[in-house]
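Let me begin by presenting the structure, written as structure tokens, before commenting on it.
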Amino acid sequence: MAVLRVPARRVAVVVALLVGAMILSSGPAMADPAPPPSPPPNPSEQQLDKSKNDVASAAGQVGKLTSQLAAVQAEADALGAKLEVRQESANKALVDLQVARDAAQVAAQRVQATQLEAAAAADAIEQAHRQLDEFIAVAYEQGVQSGSFGLLMEASDPSDLVQRAEFTQAIAEQQSTALDGMQRARIAKVNADSVARAAELDAVAKQNAAAGAKRSADGAVASAQAALSAGLAELRQVDLRRADLEHQLDTLTAKDAGLRAQRQQYLAYQAQVAAAAKAAAAAAAGRVAGAGASAVGGIRGVIDRAVSQLGVTYAWGGGNARGPTRGIRDGGVADAFGDFRKTGFDCSGLMLYAFGGAGIGLPHYSGYQYNAGKKVPISQIRPGDMLFWAEGGTIHHVALFIGDGKMVEAPYSGGAVRITPVRYGGGLMPYATRLVG
């Protein structure tokens, strides 16, 4: 009976099973399914979880930046609207300024015209005054016949003289009336000039006010443009950060997808290997069953019997020359795994079954099995030899070498019969035991 050995919890069982099946298929009548290629990478659960968390974290950051970008975009839009308002105000101020300038120019021209008209009226009035004064002086001091106008004839009698004097007086009154009209026109021109000057002053004041409004509007436009420029700069920065994070997210997503694709490929590979191993075990079992009641002899039969039990549960203390049996209690680890409730093989029990078909009996203990046959250096082993491992000088495990660097074994509690590469370290004994051939 083997001394219980407790190895690691997770083992690559099926790969070795398939390789062992390939070793056993040495001839046309013995051909088993060909093995698949080497196993693809199998990302660990930690790698998958970390990748998933990385993607989620990056997606969250992209989401936050997207929200921030939307807020900054809204702010930039608002700043743009303010700039448009300021620009329109500046446009209005520019138009108002131009209108005020035009009005001031028109007012100045009007003042100039009224000033010229008033001056001309003053000159005409002055001339009319001189003519009237001259007429009166000549008419009354020298006689109308010598006057400047020459309008009165020499009177023939007093009555005629009176009439002529009245006529002269009428002419003088007409000239005076005309002079008064001219005087009123002059006053009107002066008043018009006054009004024009007032209009000019008002136009200039409006022009100055419009110029001030234009300066204020230009300042508001400059401030709004500066604010919008700062907002757009922030918008570009946020957008660049988002683009960078989106690139990182794409990279992480692609990596995550790659890892999960690798896991799916590995699971598919496991299924393929398991199916092939099952077929190999069935083929070996078929060859064992095909031997009928007669003993299965030779190395081929020993290996076939061991391989036919691939996948059978490990049970400490289980197995004999007829097949798997219920395990026994050990008061420790095997009990913790419930081996006493399982039907299967332990390492030495599998050797009992493998060699039992060839009529070779063995004790149910790996240490005794080591001394049950011929010792062969490890460098000279061949299929059918038993390999042993020891710790502190005590043998604790046995397996059957099947060729091509592989062996079949019942590994440990919680495991199952499998094919695996020979473990040349970990206490492998320098000699194997050969019972057949």
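The values are calculated or read from the model by the stated rules, or taken from the named source; none is laboratory data. None of the values given here were measured: they were computed from a predicted structure. A quick note on method: Cβ atoms are made from the backbone with ideal geometry, for glycine too, and the neighbour counts reach across all protein chains shown. SASA here: full protein model, heavy atoms, side chains in, ligands and nucleic acids out. Shrake-Rupley method; radii C 1.70, N 1.55, O 1.52, S 1.80 Å.
Table for the structure above
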quantity	calculated
Neighbour net charge for A122 - beta-carbon separation under 12 angstrom, K R +1, D E -1	-2
Cut-off under 5 Å, modelled amide H: who pairs with K406 long-range	V422
Subset of K189/K214; K52/K342; K375/K406 violating a 28 Å alpha-carbon distance limit	K189/K214; K52/K342
For D133, solvent-accessible area (1.4 Å; no DNA, RNA or ligand), Å²	90 Å²
Phi-based couplings in Hz for the stretch 401-407 (Karplus 6.51, -1.76, 1.60; Gly and Pro marked x)	6, 10, x, 6, x, 10, 9
Global form of the stretch 198-263, assessed from the alpha-carbon gyration tensor, a/c cut-off 1.5	prolate
Protection proxy ranking, peptides 330-340, 413-423, average beta carbon neighbours within 10 Å, highest first	413-423, 330-340
